[in-house]
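Okay, structure first, notes after.
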Amino acid sequence: MATARPFLAENQRQSERLRTLVTRLTDRDLERPVGPEWTVADALLHLAFWDLRAAVLVDRFERQGVTPSPADVDVINEAIHAMTRALPPRATARLAVEAAERIDRGLRAVSDRVLDALPAAGSPFSLDRHAHRKEHLDEIERALGS
């Protein structure tokens with residue numbers, strides 16, 4: 001029996017929202033502050049990292065089985081913030097879209113075996129990628145006055 005995948009449609013909607021936003025962002029927009037320490041580019045790299053992490057884990061889980069994959073979120077987010085200064089903001093924006101597309105494809109193709117095993121692994125990542133994207137897209141849109 002196929003495992004239900006109610007998260008797929010909303011993940012896709014938020015990915016499309018991300019893609020639309022990125023296509024209209026100017027270079028100046030990418031440098032706009034989103035909060036006291038983050039710019040739009042920082043927020044996009046943050047999204048890219050967490051979606052890429054989820055995509056890598058899905059690939060690994062298919063090959064090796066599902067295991068816990070704890071992450072020190074605060075340390076990772078601080079490192080992401082530092083890396084943003086080394087990357088061109090436009091490349092960061094493209095990476096966010098590519099990462100969202102990659103995990104969305106991975107979650108459409110992931111086996112029922114992996115989906116069924118995830119709850120017992122202590123939630124190594126969220127299948128609801130849309131919630132994270134929505135949170136940060138809302139922040140970006142507020143910062144841009146959209």
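The values are calculated or read from the model by the stated rules, or taken from the named source; none is laboratory data. Because the structure is a prediction, the values reported are computed rather than measured. Positions of Cβ are backbone-derived with ideal geometry, glycine not excepted, and every protein chain shown enters the neighbour counts.
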- the range 44-55: number of residues that are closer than 15 Å to Asp138 by Cα and surrounded by fewer than 24 Cβ atoms within 10 Å (Cβ to Cβ): 1
- Please determine, by comparing only the residues of the range 100-117 that are farther than 11 Å from Arg19 by Cα, within 13 Å of the chain's Cα centre (by Cα) and among the aliphatic types (A, V, I, L, M), which one is surrounded by the fewest Cβ atoms within 10 Å (Cβ to Cβ). Leu107
- Applying the selection to the range 28-55, what residues are part of a helix (DSSP H, G or I) and of a type in the set (Val, Ile, Thr)? Val40
- Task: Please enumerate the residues belonging to the range 87-141 that are assigned to a helix (DSSP H, G or I), charged (D, E, K, R) and in contact (Cβ under 8 Å) with a residue 60 or more places away in the chain.
- Result: Arg90, Arg94, Glu101, Asp104, Arg108, Asp112, Asp116, Arg129, Arg133, Lys134, Glu139, Glu141
- Message: Considering only residues that are among the small types (Gly, Ala, Ser) and free of Cβ contacts under 8 Å to residues at least 40 places away in the same chain, which ones fall in the range 12-45?
- Response: none
- Just for the range 56-86: of the residues that are outside any helix (DSSP H, G or I) and of a type in the set (A, V, I, L, M), which one is modelled with the highest pLDDT? Val66
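Could you please find all residues in the range 21-43 being surrounded by 15 or more Cβ atoms within 10 Å (Cβ to Cβ) and not acidic (Asp, Glu)? Write out each step before concluding.
Filtering the range 21-43 down to residues surrounded by 15 or more Cβ atoms within 10 Å (Cβ to Cβ) leaves 21-22, 25, 29-30, 32, 34, 38-43.
Leu21, Val22, Leu25, Leu30, Arg32, Val34, Trp38, Thr39, Val40, Ala41, Ala43, listed by residue number.
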- Filtering the range 1-20 down to residues that are loosely packed, with under 12 Cβ neighbours inside 10 Å and modelled with pLDDT under 95, which residue is nearest to Ser126 (Cα to Cα)? Pro6
- Item | Breaking point among (1) assigned to a helix (DSSP H, G or I); (2) in contact (Cβ under 8 Å) with a residue 12 or more places away in the chain; (3) over 18 Å from Glu139 (Cβ atoms), for Ala9 | (2)
- Message: If a residue must be of a type in the set (S, T, N, Q) and within 13 Å of the chain's Cα centre (by Cα), how many such residues does the range 13-53 contain?
- Response: 2
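Do the conditions hold for Ala71, that is, is it surrounded by 16 or more Cβ atoms within 10 Å (Cβ to Cβ) and either of a type outside the set (Ser, Thr, Tyr) or in contact (Cβ under 8 Å) with a residue 24 or more places away in the chain (or both)?
On the way: surrounded by 16 or more Cβ atoms within 10 Å (Cβ to Cβ): no; either of a type outside the set (Ser, Thr, Tyr) or in contact (Cβ under 8 Å) with a residue 24 or more places away in the chain (or both): yes.
Answer is no for this residue.
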